[in-house]
Amino acid sequence: INPIGWQSDIDRYALSLFWSIQSLTSIGYGNIVPVTRLEYYFANILMLVSGSFWAFVIGNLVSIVEHMYSNRTSYKRHLDEANTLIGCFTPATVGTPNDQVDDGDGDVVATRIRRFITAQYDETMLSRPTDYTSPTLTQAFPSLDGLSLELRQLSSLHLIRKYIEMVPYLSHNYLTPEEQANLAFKCIFLEFSSGESFKKHPQYGRGIMILKKGFCLSLGTTGSHGINAPVFFQTFSIDNPIAVNDVLVEDSFLGNDQPLYRFVSYSLVLFIPRSAIFEVLDANKVAWKNCARWKYLQTCLLKWSRE
C-alpha cells in the first residue's frame, strides 16, 4: 500500500484506521510510527484516551461479574462461618438426662444450621434483594431514616399496613393511620428453619405472627407434663395471622399452657409484640372496648370450657 499522493486517499485512510485500531487496542505492531511533531502529539493524546477507555471498560466488567456472584460469595462465606461454629461444638456430656437438657443431637443441629443457611440463599435468589430479612423495618430499609416524619409514616403504611389490617382490633376501623404507622415500626421480622419450634420471643415475649413465607403447625400447648396435643392440628400458611386472640390474655392466665408452633419449612414471619399491641390499646380505648375485649373474653371462655 502506497499512501503517497492524492490518488491513494483510500489506502491512506486504511493505514490511518489500522494505526488507530492498533493504538486503541494497545497492540502496537510498530510498523507505522509517527514522524512529525504533530503526529507525536496526536499519538500521545490517543494513547491516553485509549488507556482511560480500557480502564473504564475493564472496571465495569469486573463490577458486573462481582455483582453477579455476590450472593453466591456471601452464601459460601456464611457456610464457612457456620462450619467453623459447628467444628467448635463440644461432645454431649455423658450421663446427662435428655429431660434436663433438650439441646438435640450435635449432628442434627449441624444439619439444621446448614439447611437454614441454604434456604436463606435460595430465598434470596428467588426474591428481591431486600425482603425483610432484617430484624426491624428501618434495618431492612435504611433509607427510611433519611425521610421526613410524614414520609416515614406513609412508607411504613405501604409496607406493613396489609398485615396490620389482618388483625381486627388493629385495623383502620379502630386505629388512625398515625397509630398504625407507629405500630409498624415496632414490628420485627423473624426467620425460622424447617422443624424449628416457637413459643415466645426471648426478648419481646408473646405476640402475633403473620407468615410472609413458609408454613406452620400448631402443636397445642406446653404444660408441666410436656406437650398437650390438640384434638386436631391447626395449620397456618402465608398471610394467615397466628394468636390474634391468645395474645390478649395475660401470661398468668395461661400459666404453663403456652401455645407451641412448629415451622414445616423455612419461614419468614412478621412479629407484632404483645407489648406494642397493648401500647396501642391503652391509648385507643375504642379499639379495646368495641373489639379487643370481646376477643379477650372469647379466649377466656374457650380456655375455661377446656378445663
Would region 177-197 turn up any residue that is in contact (Cβ under 8 Å) with a residue 60 or more places away in the chain, hydroxyl-bearing (Ser, Thr, Tyr) and outside any loop (DSSP other than H, G, I, E, B)? yes
Please give the number of the condition Gly207 fails out of (1) modelled with pLDDT under 90; (2) touching a strand residue (DSSP E or B) at 6+ places or on another chain (Cβ under 9 Å); (3) within 26 Å of Arg112 (Cα to Cα); (4) not β-branched (Val, Ile, Thr). (1)
Single residue of region 123-179 satisfying the filter (aromatic (Phe, Trp, Tyr) and at pLDDT below 90) that is most open to solvent (accessible area, probe 1.4 Å): Phe141
Identify all residues within region 198-221 that are among the polar types (S, T, N, Q) and assigned to a loop (DSSP other than H, G, I, E, B); write none if there are none. Gln203
For region 247-281, how many residues are part of a helix (DSSP H, G or I) and modelled with pLDDT of 90 or more? 10
Pairs where the first residue, in region 23-34, is without any contact (Cβ under 8 Å) to a residue 12 or more places away in the chain and the second is surrounded by 10 or more Cβ atoms within 10 Å (Cβ to Cβ) and of a type in the set (A, V, I, L, M, F, W, C), C-beta under 6 Å, 6+ apart: Pro34/Ala43
Determine whether Asn182 is at pLDDT 90 or above, surrounded by fewer than 17 Cβ atoms within 10 Å (Cβ to Cβ) and not hydrophobic (A, V, I, L, M, F, W, C). no
Considering only residues of region 237-294 that are closer than 15 Å to Gly207 by Cα and among the charged types (D, E, K, R), which is most open to solvent (accessible area, probe 1.4 Å)? Glu279
Identify the residue in region 35-73 that is without any contact (Cβ under 8 Å) to a residue 12 or more places away in the chain and within 16 Å of Leu15 (Cα to Cα) and, among all such residues, is least open to solvent (accessible area, probe 1.4 Å). Glu39
Quick check: anything in region 99-114 among the polar types (S, T, N, Q), loosely packed, with under 11 Cβ neighbours inside 10 Å and modelled with pLDDT of 75 or more? no
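The values are calculated or read from the model by the stated rules, or taken from the named source; none is laboratory data. Just so it is clear, the model here is predicted, and its values are computed rather than measured. Positions of Cβ are generated from backbone atoms using ideal geometry, with glycine treated the same way; all protein chains shown enter the neighbour counts. Remember, those area values only see protein heavy atoms, side chains included, never the ligands or the DNA or RNA. Shrake-Rupley method; radii C 1.70, N 1.55, O 1.52, S 1.80 Å.
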